[in-house]
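Accompanying notes for the structure given below.
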Amino acid sequence: MSIEPIENKLPVSLLEKSIQSGSEYGWRQEDFLEVIEAARKLQIGIEGGLVQYVFEEGTCELYWLHYFTDEIKKGENWVNYCNRTAKEASDKFKKIISDKNIKKEAMESFELVRTKALETTDVDQYKVFIISFEEKHDPKPAAQPKPAPAEKRNHSRR
């Protein structure tokens, strides 16, 4: 039995915009917030993600530019968790976009990105924002206690 990827629960219009990087799904910068909001509305949690440049020749992962969220907190219900993680991921994403020169960091860190940029390739066409999702996992049902064996009644005959 194969398990359907959680990403398949997103609207087809957003799935069509996704870019697969190995087993991960990512989106362009301009689609990121729409994907996060769609997941929130569908009550899909956001574990987070990071920035990658995905080329045919290889993937350059800027692991330090991430938007990971905090795990579910004790007593936090699932809807609140989905809302919180959507906000956390969105806020961290916006901060990266406003505070970092992603292309410059990629070029300083990866020879492949530098080479592609020198070939007059618009390397930002290859910039992908990976998103990891999380589904609600219902806890395993508690084991039902076995019924106690019927007490043997001692009927003595006199």
Flag if LYS103 is surrounded by fewer than 18 Cβ atoms within 10 Å (Cβ to Cβ) and over 20 Å from VAL128 (Cα atoms): no
Count of segment 62-77 residues which are over 30 Å from VAL113 (Cβ atoms), of a type outside the set (Val, Ile, Thr) and surrounded by 15 or more Cβ atoms within 10 Å (Cβ to Cβ): 0
Among (1) out of contact with any Phe, Trp or Tyr (no Cβ under 6 Å at 6 or more places or on another chain); (2) in a helix (DSSP H, G or I); (3) surrounded by 10 or more Cβ atoms within 10 Å (Cβ to Cβ); (4) modelled with pLDDT of 95 or more - the single one ALA117 does not satisfy: (4)
Filtered residues of segment 1-37 (kept if closer than 21 Å to ASP70 by Cβ and among the small types (Gly, Ala, Ser)): none
Subset of segment 1-40 (residues that are more than 22 Å from LYS127 (Cβ to Cβ), crowded, with 16+ Cβ neighbours inside 10 Å and touching a helix residue (DSSP H, G or I) at 6+ places or on another chain (Cβ under 8 Å)): ARG40
Which numbered condition LEU50 misses (of (1) surrounded by 18 or more Cβ atoms within 10 Å (Cβ to Cβ); (2) in contact with a Gly (Cβ under 8 Å, 6 or more places away or on another chain); (3) of a type outside the set (D, E, K, R)): (2)
Members of segment 83-136 that are among the aromatic types (Phe, Trp, Tyr) and over 17 Å from ARG28 (Cα atoms): PHE110
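The values are calculated or read from the model by the stated rules, or taken from the named source; none is laboratory data. None of these values were measured; they are calculated from a predicted model. Using ideal geometry, Cβ is built from the backbone for each residue, glycine included, and neighbour counts are taken over all protein chains shown.
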